[in-house]
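Below: one structure, written as structure tokens.
Coordinate-derived values only; no laboratory data. Treat the numbers as computed from the prediction; the structure is a model and nothing was measured. Positions of Cβ are backbone-derived with ideal geometry, glycine not excepted, and every protein chain shown enters the neighbour counts.
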Amino acid sequence: MTAPVIPVVPNDVPRGVDAHLTGDYSEAASAGATGAVTAFLYARMNLPNSLTLLRIFFVPVLIVILLTRSPNVELWGFPMHFEFWGVLILLMAAATDWADGYVARRRLQVTTLGILLDPIADKLLISAAFVSLVDMQLVPAWMVVIIIGREFTVLGLRNIALAEGFTIEASVLGKTKMVLQVIAVAVLIAGARHASLKPVATLLLWLVVVSALTSAAQYFARFWGHVDDRIKQRRRLSMMESHKKSQDAVPL
């Protein structure tokens, strides 16, 4: 019967390096791997990205406040109904939208994670707010379908653009649309208790729908312009390669 062969590792070789021979990983190697993962996450969880995640955290809080219509408390003799808390959470979330972009540019901390998360956080916030307002019967459902449909259509086009290697910056109209959405949602929430605000809320809602459709058309035109140029370039390269192959071909 042959005795099992035990691999011998020289004493001067680090255990973490030849762990595949002994099946034993050193604590130093494990600690190094953990530290690398921690450093990787820390490098991406900078202040702008943390603000973006905070905006995503505000989304379920806003939904609970609007759908449960609570809390309704009185502080220092001032009644603070759910409308107050809803508008407060919405404005705080909108403030993080401005702050994360400002800090990222100021500190040169623009990351791929932030570029991907920021529009998703915006879409989640606006979609959650409008869907909640539909449930509260404060907004017609067909308007919300147009608004949310526009948001996710543009998000899809933006992702395709990134996959193709180009980016389309938000236009002035698109940024104005976002501001109008926040103001409209805030006025609609406040209008749940103050009926005098409903005409203003209706006007703002129509402005949001018009700006959403117009900015979507503008974004699609810019997107198609980039894609059309890429398609033409690929066709030219393909034709040139085919022509070159035909010239290099040796007749039999």
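With a Förster radius of 35 Å applied to the C-beta separation of Arg235 and Leu155, the computed FRET efficiency comes to 0.80. Among Thr111, Thr68, a tally of other beta-carbon atoms within 10 Å of each Cβ gives an order, fewest to most, of Thr68, Thr111.
Shown here are the Rg and Dmax of the Cα trace of region 162-252, at 24.4, 88 Å.
Work from the charge dipole of region 52-238 (Cβ charges, +1 for Lys and Arg, -1 for Asp and Glu, about the Cα centre) and give the residue of Phe57, Leu117, Phe166 farthest towards its positive end. Positive-most Cα among the choices belongs to Phe166. Starting from the Cα gyration tensor of region 59-145, take the square roots of the eigenvalues, sort them a ≥ b ≥ c, and report rounded, prolate or oblate (rounded when a/c is under 1.5, otherwise prolate if a/b is larger than b/c, else oblate). Taking the square roots of the gyration eigenvalues as a ≥ b ≥ c, region 59-145 is oblate. Expressed as a fraction of 2.2 N^0.38 Å, the value expected for a compact globular protein of N residues, the C-alpha radius of gyration of region 52-238 is 1.17. Using only side-chain charges placed at the Cβ, +1 for Lys and Arg and -1 for Asp and Glu, the dipole size of region 91-138 relative to its Cα centre rounds to 260 debye.
Rounded to the nearest 20, the Cβ-based charge dipole of region 52-238 about its Cα centre (Lys and Arg +1, Asp and Glu -1) stands at 660 debye. For region 114-216, which GluC sites (Glu not before Pro) are in a loop by DSSP, counting at most 13 other Cβ atoms within 10 Å? When the GluC sites (Glu not before Pro) of region 114-216 are filtered for loop state and at most 13 Cβ neighbours within 10 Å, Glu169 remain. Residues whose amide H comes within less than 5 Å of that of Met80, counting only those at least five positions distant or on another chain, are Val73, Glu74, Leu75 (H built at 1.01 Å from N in the peptide plane). Computed from point charges on the beta carbon alone (+1 for Lys and Arg, -1 for Asp and Glu), the dipole magnitude for region 140-201 about its Cα centre is near 300 Debye.
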